[in-house]
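Undergrad: Please read through the structure below; I'll follow up with questions.
Read-outs throughout are calculated quantities, based only on the coordinates presented, and are distinct from any laboratory measurement. Here the structure is a predicted model, which is why all the values come from computation and not from measurement. FYI the Cβ positions are ideal-geometry reconstructions off the backbone, even for glycines, and counts take in every protein chain you see.
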């Protein structure tokens, strides 16, 4: 089976989200599994990528009653327009020990 590849042009203000299966399976053992209908409203908010990723991660943890059964990774990237004066790029990573 060949993978299906779709290419989209990268345009200013485009927001991209990627997540692991642990995100989609959040809440499953409690009968309230994550659904994409819960993701779309967050992605459509006029908030920063960090605010969106925090909301999505907190939603998944909440569905799992703060005790995830699987790893949960969420990445949100927003393409900023050229005219935005945003010279610093950040990457936040948290690894509980």
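Undergrad: Could you identify which residue out of 34, 14, 43 has the top mean-square fluctuation in a GNM of the chain using Cα springs shorter than 10 Å?
TA: In the Gaussian network model the winner is 14.
Undergrad: Here is a follow-up. Which three lengths, in whole Å and largest first, does the chain cover when its Cα atoms are put on their principal axes?
TA: Largest first, the chain extends 46, 38, 27 Å along its Cα principal axes.
Undergrad: May I pose another question? Once both axes come from the Cα atoms, what is the angle between helix 49-63 and the longest principal axis of the chain, in degrees from 0 to 90, rounded to 10?
TA: 10 degrees
Undergrad: Right, here's the next one. In µm²/s, what is D for segment 41-86 at 4 °C and 1.567 mPa s, where D = kT/(6 pi eta Rh) by Stokes-Einstein and Rh is the Kirkwood radius from Cα pairs?
TA: Here the translational diffusion coefficient equals 107 µm²/s.
Undergrad: If neighbour count is taken as other Cβ atoms inside 10 Å, put 36, 24, 56, 91 in order from fewest to most.
TA: In order of increasing Cβ crowding within 10 Å: 91, 36, 24, 56.
Undergrad: Can you give me the relative contact order of the chain as a percent, contacts being Cα pairs under 8 Å and 6 or more apart?
TA: With pairs under 8 Å counted, the relative contact order is 40 percent.
Undergrad: Say a paramagnetic label sat at a point 7 Å from the Cα of residue 21, along Cα to Cβ; which residues of segment 51-71 have their backbone N under 16 Å from it?
TA: 69-71
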